[in-house]
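Please read the structure below before turning to the comments.
The values are calculated or read from the model by the stated rules, or taken from the named source; none is laboratory data. For clarity, every value in this text was computed on a predicted model and none was experimentally measured. Positions of Cβ are generated from backbone atoms using ideal geometry, with glycine treated the same way; all protein chains shown enter the neighbour counts.
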């Protein structure tokens, strides 16, 4: 792989004279299937606002998961077409680091939207057990950035330090993928309900544990406790419930359950649609808690996982005992926690947290970012 990267970079240097095409934009959501996350939302915004005016290219490791769409070109990452199209690319947008195989030249804009809001987990040089070789590449990966999208003031402050970045490159706009939480989208709910063949009245518990570097390669959860949790929720709320089990994309786990109410959350590519549609979130330290809090709905955190991550993995910028989410000892304690569920609004509690973090989320992230890139 390293030899391929060196050859690709050499060829780009040899073709350095090829001029940049400002209306060509490439989008990449790191290691994801389908059109997802912040890059997809920005691509959609460009397509809707400027139909036919921009050449929009979606980069992916899984082109077979991307259905054909009018006005969108799909290419496999690090393929010949990928490098060929990049030679004249005006703007490259990703939700992570910029591909080290790409050689940036004058006139090109590199932007990262990042892939999580709230600045909860430590990143960059602040990490505890980060691989030293990996950490040594931070400057190479991030110093080429022109823009870094920030979800809150805490993100700007902590990420600027963690990646040794100039604070001037941070776009304090909020997160593009979170714009959907500031308006009603009945079509999103219907899309999710139709995909899983559930009724409008059925409530959804989204179980979405995050990735932990120190966790076993195949970490299984005892699904009996999820079944018991559904039973308790149905008893308390008098509604039918299902669980969507969504594992992290770094480690997609197949958990077989005899309970037909526990469904595969990974089968549906776009996480934001699931967050928008779900009634209750159970997770650990996933940054989706920041996104889901914008709905005002309850979040349960598995406290044993938080402690493990703090002690054995990267740790947290913001102490988890200050987070405004309900804590659950572990998954075995989840059924008993269900009785604390109420179909109420947690907006006031979350609002205080957003104010403390200096949230930039207003539902206008896409509009602001497009304005900057257009000019």
Report task. State whether one or more residues within the stretch 20-35 are out of contact with any strand residue (DSSP E or B) (no Cβ under 9 Å at 6 or more places or on another chain) and at pLDDT 95 or above. Result -> no
Query raised in the report: Based on what the data block shows, is residue 301 crowded, with 19+ Cβ neighbours inside 10 Å and either in contact (Cβ under 8 Å) with a residue 12 or more places away in the chain or closer than 30 Å to residue 230 by Cβ (or both)?
Result: yes
Report task. Please work out which residue is farthest from residue 318 (Cα to Cα), limiting yourself to the stretch 99-108 and to residues that are touching a helix residue (DSSP H, G or I) at 6+ places or on another chain (Cβ under 7 Å) and surrounded by fewer than 20 Cβ atoms within 10 Å (Cβ to Cβ). Result -> 103
Query raised in the report: Taking only pairs six or more apart or across chains, which ones have beta-carbon atoms under 6 Å, a first residue in the stretch 35-57 that is free of Cβ contacts under 8 Å to residues at least 24 places away in the same chain, and a second residue that is surrounded by fewer than 20 Cβ atoms within 10 Å (Cβ to Cβ) and not in a loop (DSSP other than H, G, I, E, B)?
Result: none
**Report entry** Those residues of the stretch 15-41 which are more than 22 Å from residue 79 (Cβ to Cβ) and either within 16 Å of the chain's Cα centre (by Cα) or assigned to a helix (DSSP H, G or I) (or both), in sequence order
**Finding:** 38, 41
Requested in this report: From 57, 72, 91, grab the single residue that is in contact with a strand residue (DSSP E or B) (Cβ under 8 Å, 6 or more places away or on another chain) and closer than 16 Å to residue 374 by Cα.
Outcome: 91
Query raised in the report: Looking at the stretch 148-175, which of its residues are on the phi > 0 side of the Ramachandran plot and touching a strand residue (DSSP E or B) at 6+ places or on another chain (Cβ under 9 Å)?
Result: 174
Query raised in the report: Is it true that some residue in the stretch 97-105 is within 30 Å of residue 307 (Cβ to Cβ) and under 22 Å from the mean Cα position of the chain (by Cα)?
Result: yes
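Residue-wise test of (1) crowded, with 21+ Cβ neighbours inside 10 Å; (2) at pLDDT below 95; (3) in the same structural domain as residue 155 (by TED's automatic domain parsing); (4) over 30 Å from residue 293 (Cβ atoms).
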{"position": "40", "(1), (2), (3), (4)": "yes, no, yes, no"}
{"position": "44", "(1), (2), (3), (4)": "no, no, yes, no"}
{"position": "81", "(1), (2), (3), (4)": "no, no, yes, yes"}
{"position": "96", "(1), (2), (3), (4)": "no, yes, yes, no"}
Report summary line: the stretch 109-223: helices (runs of 4 or more DSSP H) wholly inside it with 1 or more residues that are surrounded by fewer than 19 Cβ atoms within 10 Å (Cβ to Cβ) and at pLDDT below 85 are 132-136, 138-142
